[in-house]
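Only the coordinates and a few stated rules stand behind these numbers; no lab work does. Quick caveat: nothing in here was measured; it's all calculated off a predicted structure. Ideal geometry is used to build each Cβ from the backbone, glycine not excepted, and the neighbour counts take in all protein chains shown.
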Amino acid sequence: MQNNTIGAQISALKATLPKGVQLVAVSKTKPMSDIQQAYAVGQRVFGENKVQELVEKYANLPKDIEWHFIGHLQSNKVKYIAPFVHLIHAVDSLKLLKEINKQAIKHNRIINCLLQFHIAEENSKFGLAKEDISAFMPSVEAEHLTNVRIRGVMGMATFTSDTDLVRNEFKALGVIFETLKTQFFAHDDAFKDISMGMSGDYELAIEQGSSMVRLGSTIFGAR
Ligand SMILES: *Cc1c(COP(=O)(O)O)cnc(C)c1O
């Protein structure tokens, strides 16, 4: 994509996103020069889904960038991003949460996390199911994890042109968020984010209460 197009896309998107919806610019596979174009128009929040790529970009780009890890994260790789990552979007196991906590303690940080839920029709081995909440949350609470902060939920809708299906899946994530909020985070003001919506479906996600959209191709062009 042309250099100036990225900045223009970001500016146009920001003008249309409702207040309270954060734009995560998904820069995976894209060169650092693309990120710099976005940075030049004020974008500071970027999402990556590969540990090595994220570490490399972090090392070489301005330090006021807020890096979000949006992909599936293996426990043995948490240590590489723990020194700097701002938000981990896709936490779906106690094992991973405990490892994030352990690494956060090492670096004297609190690491923000979202719980990933499986809302799509498609089979996926990633993400919690809403039926897991009643067992998962008490097991999390029993661990007294001091250095992770669970800030909300994340999910991905089915990749389809069936807008009713996508809408219902996002709606279901909203219900999951409310259930968690009521039952486990009623007194926690930090639990407030619903990360849903990608280039193809972010408008539906916003309609269903998204507070964070993760947009890649719409900003940086096809991968
Ligand atoms: C790649 C990716 C995105 C961005 O996808 P686009 O369709 O390019 O906007 C969002 N979320 C996750 C988890 C991704 O892996």
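So if I take the centroid of the Cα atoms in region 163-223 and the same for region 130-145, what is the distance between those two points in Å? Going from one Cα centre to the other spans 21 Å.
Our helix-only sum for the chain, with -39,500 (n - 2.57) per DSSP H run of n ≥ 4 divided by its residues, gives a mean residue ellipticity at 222 nm of -12500 deg cm²/dmol.
In sequence order, region 182-190 has phi-based couplings of 5, 8, 10, 10, 4, 10, 10, 5, 6 Hz under the Karplus curve 6.51 cos²θ - 1.76 cosθ + 1.60, θ = phi - 60°, and Gly or Pro positions carry x.
The HN-Hα couplings worked out from phi for region 11-28 by the Karplus form 6.51 cos²θ - 1.76 cosθ + 1.60 (θ = phi - 60°) are 4, 5, 4, 4, 6, 9, 5, x, 4, x, 9, 8, 9, 9, 7, 7, 9, 3 Hz, whole numbers, x standing for Gly and Pro. With only Cα atoms counted, the chain has Rg and Dmax values of 16.9, 51 Å. For region 138-178, evaluate the Debye formula with one uniform point scatterer on each Cα (no solvent term) and list log10 I(q)/I(0) at q = 0.18, 0.24, 0.30 Å⁻¹, rounded to two decimals. Debye output, listed in q order: -0.64, -0.82, -1.02.
Derived scalar couplings between HN and Hα for region 200-212 equal x, 9, 5, 5, 5, 5, 5, 4, 9, x, 4, 10, 8 Hz in order, rounded to whole Hz, by the Karplus curve 6.51 cos²θ - 1.76 cosθ + 1.60 (θ = phi - 60°), x for Gly and Pro. Taking amide hydrogens as placed 1.01 Å from N in the peptide plane, the amide H of Met212 sits under 5 Å from those of Gln22, Ile194, Met196, each at least 5 positions away in sequence or on another chain.
Charged neighbours of Val55, selected by a Cβ distance under 15 Å, balance to +3 (K, R count +1; D, E count -1).
What number comes out for the charge environment of Ile105, summing +1 per Lys or Arg and -1 per Asp or Glu over other residues with Cβ under 15 Å away? Residues close to Ile105 contribute a combined charge of +4.
Residues whose amide H falls under 5 Å from that of Leu128, counting only those 5 or more places apart or on a different chain, are Gln116, Phe117, His118, with hydrogens built in the peptide plane. The fewest-to-most ranking of Lys14, Lys63 by surrounding Cβ atoms within 10 Å reads Lys63, Lys14. Taking amide H atoms as placed 1.01 Å from N in the peptide plane, the amide H of Glu66 lies under 5 Å from those of Val45, Phe46, each 5 or more residues away in sequence or on another chain. Cβ-to-Cβ counts within 10 Å put Asp162, Asp34, Asp92 in ascending order as Asp162, Asp34, Asp92, the fewest first. When the chain is described by a simple charge dipole with +1 on each Lys and Arg Cβ and -1 on each Asp and Glu Cβ, the residue from Gly221, Ala104, Leu173 located farthest towards its positive end is Ala104.
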